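Rule-based calculations on the coordinates, nothing more; no lab input. Keep in mind the model is a prediction, meaning the values are calculated, not measured. Cβ placement follows ideal geometry from the backbone for every residue including glycine, while neighbour counts extend to all protein chains displayed.
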Amino acid sequence: MIDVEERAGKKAMEMEDVPGRDAGQSLIKSIGGALERIMEKVKARFLALTQGREQGRDTSPSMGA
């Protein structure tokens, strides 16, 4: 599952740079607020995963989960 989240996070970051129909807006902003919120959550999860790996933290699920 982590691999899927990483790939989705990378795509979310790439999509931020895709121009939308209106000048000055990205594709995500043109599509709508709901998609933008989803992409931000995916990107935040991706960044948390990669930062955790760099810091050497244990990102595995806790035993109580």
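Before moving on, here are some points about what is shown:
- The 3J(HN,Hα) values that the Karplus relation (6.51, -1.76, 1.60; θ = phi - 60°) gives for segment 23-33 are, in residue order, 4, x, 10, 7, 4, 4, 5, 5, 5, x, x Hz. Gly and Pro appear as x.
- Residue 4-residue 48 pseudo-label distance in nm [points 7 Å out on the Cα-to-Cβ vector]: 1.7 nm
- Between residue 14 and residue 41, the contour length at 0.36 nm per residue exceeds the alpha carbon distance by 8.3 nm.
- Once backbone amide H atoms are built at 1.01 Å from N, residue 20 has 25, 26, 27 as its partners under 5 Å, excluding neighbours fewer than 5 places away on the same chain.
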